[in-house]
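Visitor: Pasting in a structure now, in C-alpha cells, and then I'll have a few things to ask.
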Amino acid sequence: MIDFIQMTVSGIAVGSSYALMALGMVLIYKASEVPNFVQGEMALLPVFIAYMLIYSYGQSVFTAFFGALAFAMFLGCFLEFAVVRRAKNPNILGLIIITIGLEMVLLGFVSWKFGADQRVMPFPISSYSSIMFGNVYISTLDLLTLVAALVIMVALFLFFRFSKLGVAMKATQQNETAARLMGIRTNRVKMITWGISATVGTVAGLLLAPVFMEPYMMWDPLLKGFAAAVIGGMTSLPGAVFGAYIVGITEHLFGGYVSMEYKAVVAFVVIVIVLCIKPSGLFARHYVKKV
Amino acid sequence: MGTLLEIKNIETYYDLIYAIRGASLSVEEGSITAILGNNGAGKTTILRTVMGLIDDQPDKGTIEFAGRRIDGADTEKIVRMGISLVPEGREVFEELTIRENLMMGAYTRRDKKAVTRDLDRVFAYFPILADRTGQWAGTLSGGEQQMLAIGRALMSRPRLLFLDEPSLGLSPLLVKEIFEIIKKINQEGVTILLVEQNAKKALEVSNEALILENGRFVMKGQSGDLMKDENVREFYMGVRSTESAKGYQRWKRKKVWR
Amino acid sequence: MTFFAVSGLTMAFGGLKAADDVSFEVAKGEIYAIIGPNGAGKTTIFNCINGIYPPTEGKIIFRDKNIRGLSPDRVARAGIARTFQNIELFSNMNTMENIMLGRHLFMKTGLFRGGLMWGKKSFAGKEEIQNRRKVEEIIDLLELQSFRNKMVGALPYGIQKKIELGRALAAEPELLLLDEPCAGMNAEEKQDVIFWIKDIQDELGITILLIEHDMNMVMDISNRILAINFGRKITQGTPQQVSMHPEVLKAYLGGDDEPDLPDPAQKEHQQA
Amino acid sequence: MDMKRSYYEDVRLFSSGVTVFWFVALMVFLFFYPFVFTNYYVYMANYIAINIIVVVGLNLLVGYTGQISLGHAGFYAIGAYATITLMTVAHFPFLAALVCAGLIAAVFGFLLGLPALRLEGPYLAIATLGFGLTITTVIGRIEMLGGRQGLHAPDLVIMGHHLTSDRQFYYLAVTITVLLVLLARNITKTKVGRAFIAIRDAHIAAETMGVNLVLYKTMAFALSAFYAGVAGGLYAFVLRFIEPELFNLFLSVFFLTMAVAGGLGSVMGPIAGAIVLSFLDLQLRNILSIPYIGDWLRDLSASYFSLTGVSNIQFVIFGSILIAIMLFEPLGLYGLWIRMKKYWKPWPF
Amino acid sequence: EVGVTDTEIHIGQWSPQTGPAAPWGAVARGTDAYFKWINANGGIHGRKLIHHYFDDAYNPAKTIAGVKQLQEQTGMFAWVSGVGTACGLAVKDYLMERGIPWVGPSAGSRHWVTPPQKHLFNVYPLYLGDAQLLTEYAVTEMDKKRIAVVYQEDDYGKQGLEGAQHVLEQHSMELAAKVPVSISDTDMRPHTMKLRQAEADAVLVFVTPGHVARLLGTGKAMNFEPQWMSTTTCGDFPLMIAITKGLYEGVITASFGMAQPTGNVGGIEHINNPNHELMAKYKTEVYDAFAADDERWGYTFTTGIGLAEPLVEAIRRAGRDLTREKLVAELEKMENFQGLMGRITYGPYDPDDPLCRIGQQEIFLQQCTADGGSKILTDWQTTEFIPMSQ
Ligand SMILES: Nc1ncnc2c1ncn2[C@@H]1O[C@H](COP(=O)(O)OP(=O)(O)OP(=O)(O)O)[C@@H](O)[C@H]1O
Ligand SMILES: Nc1ncnc2c1ncn2[C@@H]1O[C@H](COP(=O)(O)OP(=O)(O)OP(=O)(O)O)[C@@H](O)[C@H]1O
Ligand SMILES: CC(C)C[C@H](N)C(=O)O
Ligand SMILES: [Mg+2]
Ligand SMILES: [Mg+2]
C-alpha cells in the first residue's frame, strides 16, 4: 500500500513537469493548431541563458530566472513573428516541419554554445531535500513543480476564461480568415500565445534543470507533454494537466508493478487505448463534420 | 451624405489568374448598392480584395474608406474601421457555440450593454438561433449557419456591411425576411454593399446596382432602371417570354466527344 | 416492388429530433422534392438515407431492401449517389479527376493491377480509358470542358456545384439525391440546371430526390413534393397541392404573400 | 487541350516522348553511376535509394491519404528485422525474405491503420509515434532478435551471386527503388490513388461515392508500411548490422521531414526531398573541412561559441534549410520545381 | 602503403560530436590533441600523424558513410578508437574485409573479440570486467548481501548485468534486483522505488553519468542511500561530484587510470596508481597545450589518449617503412605495454582465442572523496574473460 501511494505520488510529481510542457503545447495548439515540436527548445534556450547569467555575468539566481522567463516571452513571440508567421498558406504538416526546423536550430545553437556536457544549475532549494508523509516521500522540488503546474494552469484557465483572448484564440484556430473578419488581430493573438507558451515551458525547464541539465534535457518531457496534451484533448488546459498526471501515474504504477522495461512506452499504449474510445481525448468534445 | 467607399481601378490576381481587371465603384453613405454577375465574374473577389483578405492585393488601384486609404491594410484594421463582411460560404466558427459565434462578432466592441441589446435583436430576427445558443455552429443546418453569419456581422455594428449572397440557402420566407432586415438596418444608418444572385430581390432593395462580368463592371445605374433593362431581365432575372421549363423545347444540343 | 421508401424515420441529436417519424415513398423515375424551412431536417433525411447518420428509428427501403444502417459506401454501391449542400469536392483534384472518382464503383483496378499499369492494353489502362470516356460524356453534358484540368478548389461556387452534380452522375445511380443544386446560381444558370435535371430524369432514367429552396424550380420540375417542418411531415402531394397548403404557406413561403416568382405569368401558372 | 487523341495520355507513365527520353537518360545515368563515382558515392546512393523508398511510401500515406505518421521507423525496423530473421532462421532466399518482410510490415501497417480510422491530426501523430517507440522497445526485448545487442546480417546471395560490395548492392537497391517508385506512381494515377486523395480532401464525399474508408485507409497504411518494410530490409544489408536504437523517433521524424520538404502529394517531390535531405544529412558533417568557411566557423566558435560544440553548426544549418524550404515554398522542393517549369516553359521537359 | 606518405600517416576516427551521445565526442578530441602533441614532438620516424575524425552523431549509417569517404577518398592507414558499439559493428566488416587495422574501439564490448579479428585490437577493458570486479568487491570486501544492478538497455548495461550475475553465481547469491533504464528516461523515480523495494545494500549502475547523477539524487530525496558502485564510464570524479552536487562522495567505481594527478583534489595520495606521472605529463603537455579552451580535462578526453597509445606505440616500433602488416605484427608482439591504462598484451592471431586481441583486462577500484578526489581501493586486478554463452 505504501508502495502504491509512493508510486502514485511520484507519478504525480513527474506528471507535474509533463503538465507544464503539455500546457505550453495546448496553448499553441489552441491558437495555431500546430503540434509544436519546438516547445522543448523554446524552454531550453532560456534555461541556458539563465545559466549563463549566473555563471558568466554573476547574477543572482533570482535575477537570472526572471531574466530567463522574460527572455522566453520574447523568444516565443519572436519565433512566431519572425518565422512561423512568414509561412505562406501553410498547411499543418508544413508548420510541423517548420517547428522541427526551429527545434534543430535552437538545439544546435545551445549545443554549439555550451557543448554537450552536463551542467549544474544552482537552485534556491536543494533537489535532494524531501518532505515525508508517513513513509511517503516527495521531494521539495517536486512539490514546487506540482504547485507551479497547478497555479499556472488555474491562472491560465482563468485568464482565458475571463479575457477575450481565450475565445479569440479558439476562433483563430478554427477559422483564421473569419477571425480576422471579426477584427481579431490573429497575428498578435498567436504571437502572444507563443510567448506565453514559451514562458510556461521555461518554468518547466527551470524546474528540471537542477536535476538534469544538458542540451537534450527537454526531449523526454516534450514527448510526454505532447502525449499528455493529446490525452487531455489538445485544447483543454485542465485536460493537459490531467493527462499529464495520467501519464505520470501510469508510468510509475506500470514500472512498479508490471514491467520496468516497457515503462517508457506504456504511456503511448494507454493513449492509443484512450483515443480508441475517445478519439479527441478526454476533455474535448469530438466534432464530427456535418455535411 | 458623401461617398463612403471609393474603389478606383483595382486589379486583383490570384497568383497568375487575373480575376479583377480594373474595377471602380463608389458607395454612397447610407445607400444600398448591389453587385450582380455570373458565376466567376469576380464579385466575391472584389469584396475579399477590399477586406484585405487576398495577400498583397490589389495589385493596382486604390481603395478608400471614409476618406482613408485601406488598400494593403490588414483585415483586422479594416474591420475595426467599420466594415463587416458576411463571407461566401458562411465561415462560421464550427466548434464554437452560436452564442460564442455571435459574441465574436462583437469582439471589437466595448459597450457591453449595447452588445447585449444587439444580441437580443439578432435573436429576434432569427428566433431559431435563440433556441440553440449552446449548439456548435458546425452542426447547424445550412440555412441556420447563414443566419448565424449574418447575425454575427450585425453584431459588429458596422458602418459599411458587405453581404456576399446573404440569401444563399435560405427558405423563401427567410429570403423575404432577410431583405426586410437589410432594409431595416440600412434605415438605421448602415451602408450596404450587396452581392446577390437573386437579382430581382437585390434590385428591389437597392438604390444602385452594378453588373460585373469577367472582372469588369459592364453596367451601372439606378436599380429601378436596371430592372427595366431588357438584358438584365433576361440574363439575371431569368425572365423569358416562354413559360416554364416543363414546356420547353430543349435547345442546348449535347455535344459528342470527338 | 418498392423502389424507394422511407418509413418512420427518426433522427435525434440529443434532445433535438431533426427528423421525426418521416415517411414517404418515391416511385421509379420521378422527381421528388423535399421542402421545408431552414433547419427543418431535409439534409438530415439525406444524411440518414446515405448512411452518414445512423437513424434513431425507422426503415429506409431501396428496391425492397432495407438499407438503413449501411455505411455510406455500401449505400453508394446499392445505387444511390448524392450532392452536398455545402460543396464537398476534392479540392486538390481537377474537375476531370473529381468526376473520375465518381466512377470508383465501376473500376476494378486494385493496388496490383493499378501499380502494374504498363500500357494502354493493360487491364488498368483499358479501364482508365473506358471510364474516361464516360467522364468526358458527363463533362460535355454539363459543359465543363473549360474547367477539365483546373483544380476545383479555386473555381466559382456555381461551377463547383455543377462538378458535384457531375461526380454524382458518374456513379450512374438509380437514385440521385440533390441537396440544393441551384444555390448560388443566377437565373440563367438555374435554368441550365433545371434542364440537366430534366435530362437526367428523362434520358438517363434516374430517379431524383431533390431539396431546393427555389420554389420556381421546385414547382417546375418536381412530380411530387414533401413538405416538412421541425422534422415532421406537413404535407405531401403535387406541386399545386403543396404550394397551397396553408401551413406550407405560413411556415415556408411566407404567409399571405405569393411564392417568390419573377414573373406574373408564372404566378398564374402556379395558382392554376 | 481539346486535341487529345486518347484519354490514356493522362495516366500513362510517360506523358510524351520527351519524358521517355529523360527516363531513359536517367536509367543510363543510373547504370553507369557506379563506374563514374567512387565507392563512397555508391554507398551514398544506396542510402539515398533506400530513403527514397521509405519516403515515397510515406508520401502515399501522408501526402495522398492525409494521414500523418510519426512511426515509420517502426515499419522500417520490422522490415529490417524480418528480412534478417527470415533469412537466418527460416533460410529464405533474400528476395523472398524481402518481400515477406514488406508484407509483415504491411500487416503491422494494417493493424496500426485500425485505430487510425478514428484519429486525425495530433491524435494520430501521437498514436503513430507511440507505435514507433513501442516497436523498437519490444524488439529490444526479444532475445531471438538479438535484443539490444543487435543482429548481424547474413551474406547476401542473389541467384547464386554473393553481393559483397556496395557496387553490387547498388544495382539491387536501385532496381528495387525504380520499380517501387514506378509502382507508386502508377498507383497514384489510378483508382486507388484517386481514392486516397479523395479521402484526404473530403472523406465524407469520398464515402458517399463508394470509397470504403476502412479499406482504403488501412490499405494506405499497409502499403506505406510495405514500402518502409522493404526499405528496412535493404537497410539491414547496407549496415549489415542492426540494433533497435537505429530506428528511433529521430528517424521517423527525418522521414516525415524528407516527405514534407520534398513536397507532399506528388511522386517526384518526396524523391527530391529524400535526395536533398539525405545528402545534406550526410554531407553537413563535413562543413568544417570546407576551406575558408570551416576556418571562419572555427574562429567564430572560438570567440563566441564553443569549439567542442562546433559540429552542431550542422543542426543550425539543416534546421534553417528546412525552415527556408517551408517558408518560401510551402509545397516543398516539388513546388520549386513546378515554378521552375513554369518559368522555363518553352523547354522540353 | 595506403595512408602513409613520406611525411604523413593518416589515421581515421569517428565519434558523435552532436546528438544525445555528444559527450563521448571528447574521446576523439583527446586523440586529436594527443596526435598534435606527438607531431609537435617530431612525429614518428619523421612522419606526422594526420588525424581525421568526423561526426557520426552515433548513427551507424553515418559512420559507414564517413568511414567509406575517408577510406576511399583520402585513404586511412588505420583507424583508432571510434565510439559506440553499434557504430563500430556497422563498419567492422568493411574494415576487416579490407585488412585495415583498427585499434582500440571506444566501448568495452565483447563483440570486438568474439570472434577475434586479425586487424581489430581491443584496448578498452570490457564492461564485464567492471561488473565482475565491483561485485566481487562488494561481496567479499564489503560484505554486501543484497546487490542490485541498474543497467542501460544496450551492450554496456547488458554485459554489466551479465558480469555481476556471473560473480554472484560463483558466490551462490542472487541479484536483489535488476532495473533497466532506457537512454531516453529522465525520470529515475520508478527505478529508485524498485531498488528501495528490493532493499538493496549495494547497487551497481551501468548507465551514463547523467543517469547516475539523477539516480543518486532521486535516491537521496527518497532517503535511499545504498553503496553505489559504477563503471569506468562514471569514474570521472570531479565531473560526477559536480553534477551530483556532492552526492558522489563514497561511490566506488572501476577505473583504468583517471585518478586526478594534480594536487587540486585535496591532496589524496595515489599510492597505487602507477601511471600517475604519465597522467600529469599528459595534462600539461597534451591537454594544456593542444585542447580547445572549453575542453574539459576528464575521463572521456583521457580515454581518447589511452586508446590511441597502443597504436602509436606500434607504429613507432614498426619503424620507418611502415606497412599494415608490420603494424599488426608489432601489435601482436606487444606485451605488457603500459600507457595510461592497464598493461596491454596481444598475441598471435588465433581465431579461437579472444584473448589474443583483448589487449587488457586490468582495472582497479577507486572511491570518490568529497572533493572529487579518489581513494584507491584495490591494486590493478585482472578479471577473467567470460565468453559469450551461445
Ligand atoms: N483562391 C483562388 N485561386 C485562384 N483563382 C480563384 C480563387 N478564387 C477565385 N478564383 C477565380 O477568380 C474568379 C472570380 O471568382 P469569384 O469567386 O470572385 O467569383 P464570384 O463572382 O464570386 O462567383 P460566384 O457567384 O460563384 O460566387 C474565378 O474565375 C475564379 O476561378
Ligand atoms: N450533427 C448534429 N448535431 C446536432 N444538431 C444537428 C446535427 N445535424 C443537424 N442538426 C440540427 O438538426 C436540424 C435539421 O438540420 P438539417 O441540416 O437537416 O436542416 P435542413 O432542413 O437541411 O435546413 P437547411 O435548409 O437550412 O439546409 C437543424 O436544426 C440542425 O441544427
Ligand atoms: C569510451 C566511452 C566513452 C564509452 C562509454 N563507456 C559507453 O559505452 O557509453
Ligand atoms: Mg462569390
Ligand atoms: Mg440542408
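The values are calculated or read from the model by the stated rules, or taken from the named source; none is laboratory data. Bear in mind the structure is a predicted one, so any value in this text is a computation, not a measurement. No Cβ is skipped: glycine too gets one built from the backbone with ideal geometry, and neighbour counts run over all protein chains shown. Areas reflect the complete protein model, heavy atoms only, side chains present, ligands, DNA and RNA absent. Shrake-Rupley method; radii C 1.70, N 1.55, O 1.52, S 1.80 Å.
Visitor: Give me the helices (runs of 4 or more DSSP H) completely within the range C:158-272, filtered to those with at least 2 residues that are touching a helix residue (DSSP H, G or I) at 6+ places or on another chain (Cβ under 9 Å) and modelled with pLDDT of 80 or more, ordered by residue number.
Guide: Result: C:187-202, C:215-221, C:239-244.
Visitor: Then there's this: Is it the case, given these coordinates, that E:ASP353 is outside any helix (DSSP H, G or I) and either of a type in the set (Gly, Ala, Ser) or closer than 18 Å to E:VAL123 by Cα (or both)?
Guide: Judged against the criteria, E:ASP353 is a match.
Visitor: OK, next. Given the options D:ILE293, D:ILE287, name the one that is open to solvent by 50 Å² or more (accessible area, probe 1.4 Å) and more than 10 Å from chain A (Cβ to nearest Cβ).
Guide: D:ILE293
Visitor: Would you tally the residues in the range A:84-102 being modelled with pLDDT of 90 or more and either more than 7 Å from chain D (Cβ to nearest Cβ) or not in a helix (DSSP H, G or I) (or both)?
Guide: Kept after step one, since they are modelled with pLDDT of 90 or more, are these residues of the range A:84-102: A:98-102.
Those still in the list that are either more than 7 Å from chain D (Cβ to nearest Cβ) or not in a helix (DSSP H, G or I) (or both) too: A:99.
Here the count works out to 1.
Visitor: Would you mind telling me which numbered condition in (1) more than 13 Å from chain E (Cβ to nearest Cβ); (2) closer than 25 Å to A:PRO35 by Cβ A:ALA204 fails?
Guide: A:ALA204 satisfies every listed condition except (1).
Visitor: Here is a further query. Can you find, within the range C:178-200, the residue that is most open to solvent (accessible area, probe 1.4 Å) among those that are more than 16 Å from ligand 1 (Cβ to nearest atom) and within 15 Å of C:ILE221 (Cβ to Cβ)?
Guide: C:LYS198
Visitor: Turning to a different aspect of this structure: Tell me which residues, restricted to the range B:147-164, are within 16 Å of ligand 5 (Cβ to nearest atom) and closer than 22 Å to B:GLU76 by Cα. Can you show your working first?
Guide: Quick first cut of the range B:147-164, residues within 16 Å of ligand 5 (Cβ to nearest atom) only: B:147-149.
Answer for the range B:147-164, where residues must be within 16 Å of ligand 5 (Cβ to nearest atom) and closer than 22 Å to B:GLU76 by Cα: B:LEU148, B:ALA149.
Visitor: Mind checking whether some residue in the range A:158-180 is assigned to a strand (DSSP E or B), hydroxyl-bearing (Ser, Thr, Tyr) and at the interface with another protein chain (Cβ under 9 Å from one of its Cβ atoms)?
Guide: Taking every residue of the range A:158-180 in turn, none turns out to be assigned to a strand (DSSP E or B), hydroxyl-bearing (Ser, Thr, Tyr) and at the interface with another protein chain (Cβ under 9 Å from one of its Cβ atoms).
Visitor: Now for a separate question. Tell me yes or no: at least one residue of the range D:241-260 is under 30 Å from D:TYR170 (Cα atoms) and assigned to a strand (DSSP E or B). Before the answer, list the steps.
Guide: Filtering the range D:241-260 down to residues under 30 Å from D:TYR170 (Cα atoms) leaves D:241-260.
Now narrow it down to the ones that are assigned to a strand (DSSP E or B): D:241-242.
Yes, that holds for at least one residue.
Visitor: Follow-up. Looking at the range E:142-163 only, could you name the residues that are touching a Ser or Thr at 6+ places or on another chain (Cβ under 6 Å) and not in a helix (DSSP H, G or I)?
Guide: Of everything in the range E:142-163, just one residue is touching a Ser or Thr at 6+ places or on another chain (Cβ under 6 Å) and not in a helix (DSSP H, G or I), namely E:GLU153.
Visitor: Right, here's the next one. Just to check your reading of the model, which residue among A:VAL274, A:VAL265 is out of contact with any His (no Cβ under 9 Å at 6 or more places or on another chain) and open to solvent by 20 Å² or more (accessible area, probe 1.4 Å)?
Guide: A:VAL274
Visitor: Another one. Residues to consider are E:TRP24, E:TRP37; find the one that is open to solvent by 10 Å² or more (accessible area, probe 1.4 Å), within 12 Å of another protein chain (Cβ to nearest Cβ) and touching a residue at least 24 places away in the same chain (Cβ under 8 Å).
Guide: Step by step, each of E:TRP24, E:TRP37 is checked, and only E:TRP24 is open to solvent by 10 Å² or more (accessible area, probe 1.4 Å), within 12 Å of another protein chain (Cβ to nearest Cβ) and touching a residue at least 24 places away in the same chain (Cβ under 8 Å).
Visitor: Which residue, of D:SER278, D:SER303, is in a helix (DSSP H, G or I), small (Gly, Ala, Ser) and either open to solvent by 50 Å² or more (accessible area, probe 1.4 Å) or within 12 Å of chain A (Cβ to nearest Cβ) (or both)? Working first, answer last.
Guide: Numbers: D:SER278 fails: either open to solvent by 50 Å² or more (accessible area, probe 1.4 Å) or within 12 Å of chain A (Cβ to nearest Cβ) (or both).
Among D:SER278, D:SER303, only D:SER303 is in a helix (DSSP H, G or I), small (Gly, Ala, Ser) and either open to solvent by 50 Å² or more (accessible area, probe 1.4 Å) or within 12 Å of chain A (Cβ to nearest Cβ) (or both).
Visitor: While we're on this one: Could you check how many residues of the range E:222-258 are open to solvent by less than 10 Å² (accessible area, probe 1.4 Å) and among the aromatic types (Phe, Trp, Tyr)?
Guide: Adding up the residues that qualify gives 3.
Visitor: Within the range B:31-60, restricting attention to residues that are under 30 Å from C:LYS150 (Cα atoms) and hydroxyl-bearing (Ser, Thr, Tyr), which residue is nearest to the other protein chains (Cβ to nearest Cβ)?
Guide: Here the answer is B:THR44.
Visitor: Considering (1) within 9 Å of chain D (Cβ to nearest Cβ); (2) crowded, with 23+ Cβ neighbours inside 10 Å, say which one E:LYS68 fails and leave the rest.
Guide: (2)
Visitor: Can you tell me which of (1) open to solvent by less than 30 Å² (accessible area, probe 1.4 Å); (2) within 16 Å of ligand 1 (Cβ to nearest atom) is the one C:ALA19 doesn't meet?
Guide: Result: C:ALA19 passes all but (2).
Visitor: Of all residues in the range E:212-232, how many are within 21 Å of E:LEU133 (Cβ to Cβ) and within 12 Å of chain A (Cβ to nearest Cβ)?
Guide: Total satisfying the criteria: 3.
Visitor: Name the residues in the range D:246-275 that are within 9 Å of chain E (Cβ to nearest Cβ) and either crowded, with 24+ Cβ neighbours inside 10 Å or aliphatic (A, V, I, L, M) (or both), would you?
Guide: Result: D:LEU246, D:LEU249, D:LEU251.
Visitor: For the subset of the range A:279-289 comprising residues that are out of contact with any Phe, Trp or Tyr (no Cβ under 9 Å at 6 or more places or on another chain) and free of Cβ contacts under 8 Å to residues at least 40 places away in the same chain, which member is nearest to ligand 3 (Cβ to nearest atom)? Write out each step before concluding.
Guide: From the range A:279-289, those out of contact with any Phe, Trp or Tyr (no Cβ under 9 Å at 6 or more places or on another chain) are A:284, A:286, A:288-289; that's our starting set.
Checking the rest, the ones that are also free of Cβ contacts under 8 Å to residues at least 40 places away in the same chain come to A:286, A:288-289.
Values: A:HIS286: 46, A:VAL288: 50, A:LYS289: 51 Å.
Result: A:HIS286.
Visitor: Now for a different question. Of the residues D:ARG141, D:ARG118, D:ARG148, which single one is touching a strand residue (DSSP E or B) at 6+ places or on another chain (Cβ under 9 Å) and on the phi < 0 side of the Ramachandran plot? Show your work before the answer.
Guide: Working: D:ARG141 fails: touching a strand residue (DSSP E or B) at 6+ places or on another chain (Cβ under 9 Å); D:ARG118 fails: touching a strand residue (DSSP E or B) at 6+ places or on another chain (Cβ under 9 Å).
Unique residue meeting the criteria: D:ARG148.
Visitor: Let me ask something else. Select from the range B:21-46 the residues that are open to solvent by less than 20 Å² (accessible area, probe 1.4 Å) and near ligand 1 (Cβ under 8 Å from one of its atoms) and write down the one among them that is farthest from B:ASP71 (Cα to Cα).
Guide: Residue satisfying both the conditions and the ranking: B:GLY37.
Visitor: Same structure again: What is the one condition in (1) within 16 Å of ligand 5 (Cβ to nearest atom); (2) open to solvent by 10 Å² or more (accessible area, probe 1.4 Å) that A:ILE246 does not satisfy?
Guide: Going through the list (1) within 16 Å of ligand 5 (Cβ to nearest atom); (2) open to solvent by 10 Å² or more (accessible area, probe 1.4 Å), A:ILE246 breaks only (1).
Visitor: I would also like to ask the following. Can you name the residue in the range E:93-128 that is under 24 Å from E:MET341 (Cα atoms) and in a helix (DSSP H, G or I) and is also nearest to ligand 4 (Cβ to nearest atom) among such residues?
Guide: Among those residues, the one meeting the criterion is E:HIS111.
Visitor: Would you check which residues across the range B:155-180 are without any contact (Cβ under 8 Å) to a residue 40 or more places away in the chain, within 16 Å of ligand 1 (Cβ to nearest atom) and either at positive phi or among the aromatic types (Phe, Trp, Tyr) (or both) and list them?
Guide: Within the range B:155-180, just B:GLY169 meets the criteria.
Visitor: Could you check C:SER91 against (1) more than 16 Å from ligand 1 (Cβ to nearest atom); (2) part of a loop (DSSP other than H, G, I, E, B) and say which number it fails?
Guide: If we test C:SER91 against (1) more than 16 Å from ligand 1 (Cβ to nearest atom); (2) part of a loop (DSSP other than H, G, I, E, B), just (1) comes out false.
Visitor: Residues in the range D:176-199 that are surrounded by fewer than 22 Cβ atoms within 10 Å (Cβ to Cβ) and over 19 Å from D:THR19 (Cα atoms): how many?
Guide: 1
Visitor: I've got another one for you. So which of D:VAL192, D:VAL138 is closer than 30 Å to C:GLU172 by Cβ and at the interface with another protein chain (Cβ under 9 Å from one of its Cβ atoms)?
Guide: D:VAL192
Visitor: Given the conditions (1) in a strand (DSSP E or B); (2) open to solvent by less than 10 Å² (accessible area, probe 1.4 Å), report the number of the one that C:GLY125 does not fulfil.
Guide: Unmet for C:GLY125, out of (1) in a strand (DSSP E or B); (2) open to solvent by less than 10 Å² (accessible area, probe 1.4 Å): (1).
Visitor: List the helices (runs of 4 or more DSSP H) inside the range B:61-140, counting only whole elements, that have at least 1 residues being at the interface with another protein chain (Cβ under 9 Å from one of its Cβ atoms).
Guide: Per the criteria, B:75-81, B:98-105, B:127-131.
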